[in-house]
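Asks: Handing you a structure now.
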Amino acid sequence: NAGVTQTPKFQVLKTGQSMTLQCAQDMNHEYMSWYRQDPGMGLRLIHYSVGAGITDQGEVPNGYNVSRSTTEDFPLRLLSAAPSQTSVYFCASSYGLTSGANVLTFGAGSRLTVL
Amino acid sequence: SQQGEEDPQALSIQEGENATMNCSYKTSINNLQWYRQNSGRGLVHLILIRSNEREKHSGRLRVTLDTSKKSSSLLITASRAADTASYFCATPQDFGNEKLTFGTGTRLTIIP
């Protein structure tokens, strides 16, 4: 099993450009989510999905779009990149609440720099 | 907003010593998790403790949970160089919620 696969691993964008970070999982997980990790701020939830066709906002959703057309894929779109979106992005998935707890499997991360 | 805060922010110890890091959180929870992140990698789940448990062990890891103080601790015994990593606690945003909130992490360095 590949687990959670994120592409690309590194990306440099200019301000105003758009791009999509890809996330795919092969574990038949219903729950998928995107976090960003910034120095001194830990991980912050951007968007999440509890199943195909269902998405919802997390703590810091502005400037990002998501969709969930299949169980396996959960792409994160940056509509018009800004320097404040320079960060490391992590996709994480799980079976959802199992006996009341949500245990996440993370991808390796995508490092994005916006100039 | 951060739900969990780890303490200390950074910790350096000699190989073979024990490492203890703490997590404080703000709201009522039904479980708390600890994750490890090696440099340049994604987070890896280490251990989960439920609100009706006070202590849990997994190999060299010992986790405690004090719901009255809204705090948890992670103890790594007989540390190894491979334990060098950042450690994060994670809690549900609300009781029983699937959304997890992570703390800012403790950076642990094991000196050979």
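Asks: Which members of the stretch A:1-15 meet the condition of being within 14 Å of another protein chain (Cβ to nearest Cβ) and of a type in the set (D, E, K, R)? Give the steps one after another, and end with the answer.
Replies: Restricting attention to the stretch A:1-15, the residues satisfying the condition of being within 14 Å of another protein chain (Cβ to nearest Cβ) are A:2-7, A:9-10.
The one that is within 14 Å of another protein chain (Cβ to nearest Cβ) and of a type in the set (D, E, K, R): A:LYS9.
Asks: If we scan the stretch B:29-40, do we find a residue that is within 21 Å of B:ILE13 (Cα to Cα), surrounded by 14 or more Cβ atoms within 10 Å (Cβ to Cβ) and among the polar types (S, T, N, Q)? I'd like the intermediate steps shown before the answer.
Replies: Start the filter on the stretch B:29-40 by keeping residues that are within 21 Å of B:ILE13 (Cα to Cα), which leaves B:34-39.
Subsequent filtering for residues that are surrounded by 14 or more Cβ atoms within 10 Å (Cβ to Cβ) retains B:34-37.
This time we only want the ones that are among the polar types (S, T, N, Q), so: B:37.
There is at least one residue in the stretch B:29-40 that is within 21 Å of B:ILE13 (Cα to Cα), surrounded by 14 or more Cβ atoms within 10 Å (Cβ to Cβ) and among the polar types (S, T, N, Q).
Asks: Give me the pairs: first residue in the stretch A:77-88 and free of Cβ contacts under 8 Å to residues at least 40 places away in the same chain, second residue hydroxyl-bearing (Ser, Thr, Tyr) and surrounded by 13 or more Cβ atoms within 10 Å (Cβ to Cβ), beta-carbon distance under 7 Å, and six or more apart or on different chains, which are they?
Replies: Cβ pairs passing all conditions: A:THR86/A:THR113.
Asks: Given the conditions (1) surrounded by 14 or more Cβ atoms within 10 Å (Cβ to Cβ); (2) within 10 Å of another protein chain (Cβ to nearest Cβ); (3) assigned to a loop (DSSP other than H, G, I, E, B), and given that A:GLY40 satisfies all but one, which numbered condition is not satisfied?
Replies: (1)
Asks: Would you list the strands (runs of 3 or more DSSP E) that sit entirely within the stretch A:45-104 and hold 2 or more residues that are surrounded by fewer than 21 Cβ atoms within 10 Å (Cβ to Cβ), facing another protein chain (nearest Cβ under 9 Å) and at pLDDT below 95? Quick ask: steps written out before the conclusion?
Replies: Numbers: elements: A:54-57, A:64-66, A:76-78, A:87-94.
Result: empty, no element qualifies.
Asks: What pairs can you find where one residue is in the stretch A:104-115 and touching a residue at least 40 places away in the same chain (Cβ under 8 Å), the other is surrounded by 21 or more Cβ atoms within 10 Å (Cβ to Cβ) and of a type in the set (Val, Ile, Thr), and their Cβ atoms are less than 6 Å apart, with a gap of 6+ or different chains?
Replies: Pairs found: A:THR105/A:VAL4; A:GLY107/A:VAL4.
Asks: What is the number of the single condition among (1) at pLDDT 95 or above; (2) surrounded by 18 or more Cβ atoms within 10 Å (Cβ to Cβ) that B:TYR25 does not meet?
Replies: The one condition B:TYR25 does not meet is (1).
Asks: Which one of these does A:VAL114 not meet: (1) within 14 Å of chain B (Cβ to nearest Cβ); (2) surrounded by 19 or more Cβ atoms within 10 Å (Cβ to Cβ); (3) more than 12 Å from the chain's Cα centre (by Cα); (4) over 29 Å from B:ASN30 (Cα atoms)?
Replies: (1)
The values are calculated or read from the model by the stated rules, or taken from the named source; none is laboratory data. All of these numbers come straight from a predicted model, not from anything done at the bench. Quick reminder, even Gly has a Cβ in these numbers, built from the backbone with ideal geometry, and neighbours come from all protein chains shown.
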